[in-house]
Amino acid sequence: MQDKTKSSMAAKAATAASSAAPHAGVQVLGEQGSEGRKAFYIHIEALPGKEQQVMQMLRDIRDCVEHEPATGPWFAVRLAPTTFAIFEAFPDLAGRQAHVEGGGGDIFRDLTRMNAILAFPAQVHRADVLMSKDSFAHLPQ
């Protein structure tokens, strides 16, 4: 029941946002942090009816990160019909900054595209990686 309420609230917010003024594409939250392993968690809310365009955007970003040597684990997930997220990890601050300056960052800087498909700016949360499990134990290496 709670998931339906959250989904309904997201849909109402997206509907309201679709008639709002253009937005900035992304909103970066959190501190840069000290040296060490880094990550981004990016919350993405599609405008109703634009879910397939958001899926294409995610494919386009994945194509970019395939060629980034300092981008490690990368996941795109769907949390609800119009709610998506990206989790991506980097070995250090320089790797995360190289990602921001690369093709994935270029996609989020395309304000025309972002305003056409996102209900509000993608919320980019900077994060420090505290610990990880970097492989699937049951799969051959």
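Odds and ends about this structure:
- Counting every pair of alpha carbons in region 27-141, the share spaced more than 25 Å apart comes to 23 percent.
- Remark: region 42-83 carries 53 Å² of accessible area per residue (probe radius 1.4 Å; ligands, DNA and RNA excluded).
- Taking label points 7 Å from Cα along the Cα-to-Cβ direction, H23 and E101 give a separation of 2.8 nm.
- Share of carbon and sulfur in the accessible heavy-atom surface of region 36-141 [1.4 Å probe, %]: 60 percent
- When each of the peptides 116-123, 87-94, 130-137 is scored by how many other beta carbons lie within 10 Å of its residues on average, the order from highest to lowest is 116-123, 87-94, 130-137.
The values are calculated or read from the model by the stated rules, or taken from the named source; none is laboratory data. Everything quoted here is computed from the prediction, not taken from an experiment. Counting neighbours? That spans all protein chains shown, and the Cβs are built from the backbone with ideal geometry, glycine included. We work out accessible area using only protein heavy atoms, side chains counted, and drop any ligands, DNA or RNA first. Shrake-Rupley method; radii C 1.70, N 1.55, O 1.52, S 1.80 Å.
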